[in-house]
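In what follows, a structure is listed as structure tokens, so that the remarks can point back to it.
Read-outs: derived from the displayed coordinates by stated rules, not from any lab. Here the structure is a predicted model, which means the values were calculated and not measured. Don't worry about glycine lacking a Cβ; one is built from the backbone with ideal geometry, like all the others, and counts go over all protein chains shown.
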Amino acid sequence: MRDYEPYYTEDGSIGLYSYAEKDVFHSKFGALTEAWEKFVLPAKLDEFKYDNLKVLDVCYGIGYNTKALMSFLINHENYKKKNILQKLIYIVTVYANKIIKRNDCLLPYIDSNNTNKLSRFQIDCLDINEELVQLSPLFRTVKTPGEIYDSIVPQILACFDSYYSLRNVFVNFLSHFSPKNKKEINELLDLKFKNMHIEKEYKINSYVNYILMNSLAEYYKKDYPSKELIKMLREKKNQRFFDRSLIKYASFNRKWGYNKSSKYNLSTFLHNIYYATLSRRYKKMDFKTAESLFKVNFYVDDARKTILKLNEEYDLIFLDAFTYTKAPQLWTVEFIAELYRRIAPQGLLMTYSTSALVRNTLLENKFYVGNIYHNKTNKIIGTIASKDKTRIEHPLTPYEIGLCNTKAGIPYHDPNLSFDKKDIIELREYEFRHSDLMSSSKYMKIRSMKNE
Ligand SMILES: C[S@@+](CC[C@H](N)C(=O)[O-])C[C@H]1O[C@@H](n2cnc3c(N)ncnc32)[C@H](O)[C@@H]1O
């Protein structure tokens with residue numbers, strides 16, 4: 001974690017600051033909350049009839065958007081699960097398949113005629129940063145305010161005079177490592193324990209990180225987590241951000257391999273039968289069933305290269321790149337055109353950006369574009385786009401479209417999807433200087449004079 005600074009966001013989930021990009025990965029108001037409110041909830045999956053879904057997570061990072069989506073889908077599919085006997089048959093089939101060495105855990109659910117059949121979801125995760133992708137399932141899952149209060153906060157606070165002295169300890173500790181970015185980090189570390197609040201329905205399902213870990217082990221051909229990563233996870237200063245039991249599970253997998261340890265297989269098998277038949281928690285979906293819902297693919301490379309290799313049609317696209325002023329590569333007309341080519345006719349693209357530039361880039365690519373409103377405060381918090389006009393609930397207003405047609409909306413270009421950041425910015429600056437379009441400030445002034 002040399003290049004990043006982890007901090008707690010206001011909902012208690014962990015956010016990251018990148019020294020290289022001089023930018024935050026996550027909103028300081030709540031990394032996990034943002035994933036739900038800007039990416040998962042706007043997809044309105046509970047209203048949309050789906051049998052299968054294909055999802056593209058552009059800029060997976062440490063995976064909040066994918067994790068929130070998986071949690072939603074597991075909870076939703078949970079209602080469709082079969083009765084106990086069918087579950088039992090399913091577990092036995094999975095185990096039998098293991099014995100005869102059919103290694104695909106993507107077994108179809110038994111009784112395909114049943115209308116309650118569980119769905120299948122493919123999630124393609126793109127990110128350039130290998131270390132973060134590997135670390136993604138190991139981060140501590142957020143706690144509820146009740147849990148924070150009951151477990152850590154009173155104990156920690158009891159050791160200090162006040163919350164401020166606690167904060168100062170963190171700040172001093174951190175400034176030791178990062179004198180240059182002290183001010184910014186100090187701001188991020190302005191821990192507000194009282195505000196740490198994650199909605200109950202936004203919690204990450206406890207299976208999700210294990211499913212991601214198994215998918216990563218498949219991607220890295222069992223060489224996961226890398227040795228350097230394990231070494232880093234053992235460093236004391238990093239421990240508070242990672243989940244010990246997940247690290248143990250990952251180290252166990254790496255050493256023994258999931259399929260190699262018959263003892264482990266047997267205990268998993270018995271454990272599943274126990275949950276399916278005896279446990280009070282039988283109402284929950286068992287792990288193997290939950291895992292069989294997903295096919296998570298990782299592509300660790302520049303998304304501009306990866307996208308050209310993908311020939312899927314996606315129902316949902318999450319675009320969560322760094323802000324365009326700092327990293328324009330994934331906001332260009334040409335990159336968005338590749339996303340347009342790969343989105344299903346009724347598919348939805350979601351992004352946190354509400355800028356005229358990003359919206360105009362979507363419009364230039366023939367997307368229908370609209371606002372994402374916060375489900376409670378009714379503030380505009382992001383942008384949604386689709387090829388299908390009827391899927392945009394809140395289209396851009398004439399005022400917002402007008403703003404896209406000012407200088408502020410001039411898009412970035414990257415003709416071969418290979419320009420570096422500096423060239424992309426310079427190309428736009430040239431166009432900006434030679435453009436006859438109205439400036440956004442003049443546009444806003446005129447519109448406000450007209451009282452619009
Ligand atoms: C704002 S963060 C995404 C946060 C992420 N969605 C999460 O839940 O943690 C932006 C991400 O874009 C990745 N990135 C930057 N340039 C990229 C590129 N050219 N191709 C793919 N990923 C890129 C970074 O590694 C970083 O993880």
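Side notes on the structure shown:
- Full extension of the segment from HIS374 to SER418, taken as 0.36 nm per residue of separation minus the current Cα-Cα distance, would add 12.3 nm.
- What the phi angles of region 124-140 give under the Karplus curve with 6.51, -1.76 and 1.60, with θ = phi - 60°, is a coupling list of 9, 10, 10, 7, 8, 9, 4, 4, 5, 4, 5, 6, 3, x, 8, 5, 4 Hz, glycine and proline written as x.
- Once backbone amide H atoms are built at 1.01 Å from N, LYS222 has no partners under 5 Å, excluding neighbours fewer than 5 places away on the same chain.
- Each Cα pair of region 321-449 feeds into the Kirkwood radius, which the Stokes-Einstein equation turns, at 10 °C and 1.306 mPa s, into a diffusion coefficient of 104 µm²/s.
- Ranked by how many other Cβ atoms sit within 10 Å of their own Cβ, fewest first, the residues SER448, SER119, SER353 fall in the order SER448, SER119, SER353.
- For the pair ASP223 and ASP436 in one chain, pulling the backbone fully straight at 0.36 nm per residue adds 71.1 nm over the alpha carbon distance.
- The amide H of ASN371, built 1.01 Å from its N in the peptide plane, has ILE384, HIS394, LEU396 as neighbours under 5 Å, considering only residues 5 or more places off or on other chains.
- Under 5 Å, built H, 5+ apart or other chain: amide partners of HIS26: LEU16
- Structural descriptor for region 343-391: relative contact order 49 percent, calculated from alpha carbon pairs under 8 angstrom and at least 6 residues apart.
- Proxy reagent accessibility, fewest Cβ within 10 Å first, across LYS49, LYS227, LYS38, LYS387: LYS49, LYS227, LYS387, LYS38
- Sum of side-chain charges, ASP11 neighbourhood, beta-carbon under 9 Å (Lys, Arg +1; Asp, Glu -1): -3
- Net lengthening on full extension, SER448/LYS366 (0.36 nm per residue, minus Cα-Cα): 26.6 nm
- Over 24 Å between alpha carbons, listed pairs LYS222/LYS248; LYS389/LYS442; LYS366/LYS422; LYS38/LYS421: LYS389/LYS442; LYS366/LYS422; LYS38/LYS421
- In a DSSP loop and with at most 14 other Cβ atoms within 10 Å, the GluC sites (Glu not before Pro) in region 393-451 are GLU393.
- Panel order for HIS434, HIS26, by other beta carbons found within 10 Å of each beta carbon, from fewest to most: HIS434, HIS26.
- Computed from phi, the 3J(HN,Hα) profile of region 6-12 under the Karplus parametrisation 6.51, -1.76, 1.60 (θ = phi - 60°) reads x, 8, 8, 7, 5, 8, x Hz, with x in place of Gly and Pro.
- 3J(HN,Hα) along region 33-48: 4, 4, 4, 5, 7, 9, 10, 7, 4, x, 6, 6, 5, 5, 9, 8 Hz, from the Karplus curve 6.51 cos²θ - 1.76 cosθ + 1.60 with θ = phi - 60°, whole Hz, x for Gly and Pro.
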